[in-house]
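The values are calculated or read from the model by the stated rules, or taken from the named source; none is laboratory data. For clarity, every value in this text was computed on a predicted model and none was experimentally measured. Methodologically, a virtual Cβ is constructed for each residue, glycine included, from the backbone with ideal geometry; neighbour enumeration extends over all protein chains shown. Heavy atoms of the whole protein, side chains included, go into the accessibility calculation; ligands, DNA and RNA do not. Shrake-Rupley method; radii C 1.70, N 1.55, O 1.52, S 1.80 Å.
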Amino acid sequence: MKRNLTWSLIIFAVGVFMGALDNGIITAALTTLNRSFGVSPTWGAWTITVYTLGLAISVPIIGKLSDRYGRKKLFIFEVSLFGLGSLLVALSPNFTWFLVCRFIQAMGGGGIFIIASSFVLNTFPREKQGRMLGILGGMNGIASVLGPNIGSFILNMTGSWHWLFLINVPIAITLAILGMKFIHEEQKLTEARLDYAGVAILSLAVLSMMYGLTKLDGVNLVDSLTSGPFLGFIAIGLVLLVILVVTERRVQKSSKDPILPIFLFKNGVFCWTLFYAMLSGTIIASIIFVPGFIEQYLGVSSAVSGYWFTPLALAAGAGAALGGRLVDRKGSVFTMLTASAIAALGFLLFAVWVEQIWQMVIASCLVGIGFGSMLGAPVNILATEDAGDNKGVALATTSLSRQIGLTLAPTLFAGFLARSFMNIGDAMKSHLGEAHIQAGAGALPNMPTQTDFSTMQAGFAQIPDPTTKKALMDALHEVVGIGYHGLFYAAMTICILLFATTLIIGVVRKNKQGRHPLHQNL
């Protein structure tokens with residue numbers, strides 16, 4: 001039995017890594033994909049958007065189906081669907097077919113982490129659940145942050161974007177075969193009829209709201225928040241959610257099995273945990289900007305800047321394992337408080353201290369440990385402690401909340417960088433004015449209108465006058481610093497909100513259970 005549990009955990013961990021890796025791995029090949037299919041960057045962005053939408057739809061549905069049909073069957077189905085989708089993506093004859101297959105792939109990858117976490121919570125002894133969930137969270141976190149680097153490596157080795165997807169096929173086949181042999185569990189299955197109306201309404205609501213979030217513009221945030229597309233799709237999603245609540249209340253009185261048990265949302269701990277999960281998703285999103293900071297602010301070559309991301313990824317894995325052990329010993333609330341504080345310190349150092357690569361490594365390790373400790377164990381255990389036989393649904397809802405944060409945050413964080421580049425003209429005038437006076441130079445050169453760092457840097461490097469060149473480079477460095485420092489301050493603020501949210505969760509649990517929230521073992 002112990003051997004089967006070990007094999008099961010290994011199989012689930014590899015599956016989680018494979019599923020989480022895919023949305024990041026493709027970012028390295030976006031330009032190549034756009035050129036291959038002859039589409040614009042705007043259309044090319046749908047490569048990621050459609051995968052995100054597929055994940056958002058599949059997560060709550062798979063969570064419910066795992067409670068109904070069994071985690072083993074659903075895991076094998078999800079892995080197989082992910083492998084099939086990967087094969088179809090690699091063989092896509094045109095961009096439309098490519099997007100359809102990406103959606104199929106997302107429907108397969110979306111539920112793997114949910115099923116794996118649910119298996120741990122229902123199979124492993126309570127005193128080991130934190131460590132096991134920490135392992136899964138670590139795999140999820142490492143895959144999320146290493147995706148672009150692994151994608152670049154595969155692309156450089158093979159020279160073809162097709163291998164980014166073909167590599168998933170043998171892994172998926174192997175996982176499905178091993179899953180059939182080694183995954184065993186006793187699970188009480190739901191026998192009531194499935195709520196198909198609820199499934200349809202929930203899918204449409206999630207699709208509408210997630211698509212609405214993609215309409216936000218980080219530079220013109222206020223205008224995009226009041227734009228027709230954003231308000232329209234968000235409004236449609238909210239209306240559908242209201243219809244879903246009404247529908248589910250009726251379903252509870254019938255013989256059907258509701259897709260979304262309403263009683264979960266009457267639990268204060270569960271609702272605040274969802275909010276924490278959404279905020280933690282924004283932290284994941286902030287981390288994807290670190291390689292850009294290393295290249296653009298610290299001046300590391302683009303050819304090797306991604307490798308300096310490795311310390312953060314390793315620290316995230318170590319943090320997930322540490323967080324799991326801390327949950328087993330001190331409880332989820334204590335772990336979340338500690339994780340939020342460590343991550344906040346790391347982001348603060350990025351904003352006020354980091355000027356050299358060794359300083360970046362220290363700050364990265366703090367962010368990684370804090371971010372890794374948030375994933376997996378503490379949030380999942382809190383979300384499911386009162387879920388009863390609906391652990392799959394509770395985990396899925398938590399994952400969906402995290403996905404909302406992960407979808408919303410990149411636009412907001414990118415806005416800091418874009419707005420800082422809008423001030424490049426003033427920064428150049430400030431630096432060039434003094435430089436030209438000292439050098440006795442003539443009129444200032446024309447101010448560039450583009451906001452692309454690489455283009456500006458390449459243009460400035462060709463200026464023959466060394467004094468002018470240095471002044472322009474200093475101006476660019478200043479502007480880049482303002483943008484990234486604002487981004488890191490925002491991430492630090494979110495970590496403070498995570499800390500405050502955890503305190504609220506602790507108070508709610510204390511009032512509910514009458515025990516001290518910081519030292520309660522689960």
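If only residues of segment 476-492 that are more than 18 Å from the chain's Cα centre (by Cα) and under 17 Å from Ala363 (Cα atoms) are counted, the one that is surrounded by the most Cβ atoms within 10 Å (Cβ to Cβ) is Tyr484. Filtering segment 274-305 to residues that are modelled with pLDDT of 90 or more and surrounded by fewer than 19 Cβ atoms within 10 Å (Cβ to Cβ) leaves Phe275, Leu298.
Applying the set (1) at pLDDT below 75; (2) of a type outside the set (S, T, N, Q); (3) outside any loop (DSSP other than H, G, I, E, B) to Leu412 leaves exactly one unmet item: (1). Tyr196 meets all of the listed conditions (1) open to solvent by 20 Å² or more (accessible area, probe 1.4 Å); (2) under 30 Å from Leu88 (Cβ atoms); (3) under 28 Å from the mean Cα position of the chain (by Cα) but one, namely (3). State which residue is farthest from Arg131 (Cα to Cα) when the search covers only segment 327-347 and only residues that are surrounded by 18 or more Cβ atoms within 10 Å (Cβ to Cβ) and aliphatic (A, V, I, L, M). Within segment 327-347, the match that is farthest from Arg131 (Cα to Cα) is Ala344.
One line per residue, one yes/no per condition, for (1) within 23 Å of Ile262 (Cα to Cα); (2) in contact with a Leu (Cβ under 7 Å, 6 or more places away or on another chain); (3) modelled with pLDDT of 95 or more:
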residue: Val50; (1), (2), (3): no, yes, no
residue: Leu53; (1), (2), (3): no, yes, no
residue: Pro60; (1), (2), (3): yes, yes, no
residue: Gly70; (1), (2), (3): yes, yes, no
residue: Phe75; (1), (2), (3): no, no, no
residue: Leu91; (1), (2), (3): no, no, no
residue: Leu99; (1), (2), (3): no, no, no
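Quick one: is Gly54 without any contact (Cβ under 8 Å) to a residue 40 or more places away in the chain and crowded, with 20+ Cβ neighbours inside 10 Å? So Gly54 fails the test.
Working only within segment 224-253, note down all residues that are in a helix (DSSP H, G or I) and among the hydroxyl-bearing types (Ser, Thr, Tyr). Can you show your working first?
Initial filter on segment 224-253 (in a helix (DSSP H, G or I)): 224-225, 228-252.
Within segment 224-253, Ser224, Thr247 meet the criteria.
Across segment 123-147, the number of residues qualifying as more than 19 Å from Cys365 (Cα to Cα) and open to solvent by 10 Å² or more (accessible area, probe 1.4 Å) comes to 9. Of everything in segment 444-484, what is β-branched (Val, Ile, Thr) and modelled with pLDDT under 75? Give them in sequence order. Result: Thr449, Thr451, Thr455. When Cys271 is tested against the conditions (1) in contact with a Phe, Trp or Tyr (Cβ under 8 Å, 6 or more places away or on another chain); (2) in contact (Cβ under 8 Å) with a residue 40 or more places away in the chain; (3) open to solvent by 30 Å² or more (accessible area, probe 1.4 Å), the lone failure is (2).
Identify, from the list Leu216, Leu155, the residue that is closer than 27 Å to Leu84 by Cβ and either touching a helix residue (DSSP H, G or I) at 6+ places or on another chain (Cβ under 7 Å) or assigned to a helix (DSSP H, G or I) (or both). Please lay out each step first, then the result.
Details: Leu216 fails: closer than 27 Å to Leu84 by Cβ.
Going through Leu216, Leu155 in turn, just one is closer than 27 Å to Leu84 by Cβ and either touching a helix residue (DSSP H, G or I) at 6+ places or on another chain (Cβ under 7 Å) or assigned to a helix (DSSP H, G or I) (or both): Leu155.
Can you tell me how many residues in segment 348-370 are outside any helix (DSSP H, G or I) and either open to solvent by less than 10 Å² (accessible area, probe 1.4 Å) or of a type in the set (Lys, Arg) (or both)? The qualifying residues number 1. So for segment 81-97 (the condition being touching a strand residue (DSSP E or B) at 6+ places or on another chain (Cβ under 9 Å) and part of a helix (DSSP H, G or I)), does at least one residue qualify? Looking through segment 81-97, none of the residues is touching a strand residue (DSSP E or B) at 6+ places or on another chain (Cβ under 9 Å) and part of a helix (DSSP H, G or I). Contact annotation: residue pairs with Cβ atoms under 8 Å, 6 or more positions apart or on different chains, pairing a residue in segment 372-401 that is in a loop (DSSP other than H, G, I, E, B) with a partner that is of a type in the set (Val, Ile, Thr), are Gly376/Ile135; Glu385/Val269; Asp386/Val269; Ala387/Val393; Asp389/Thr190.
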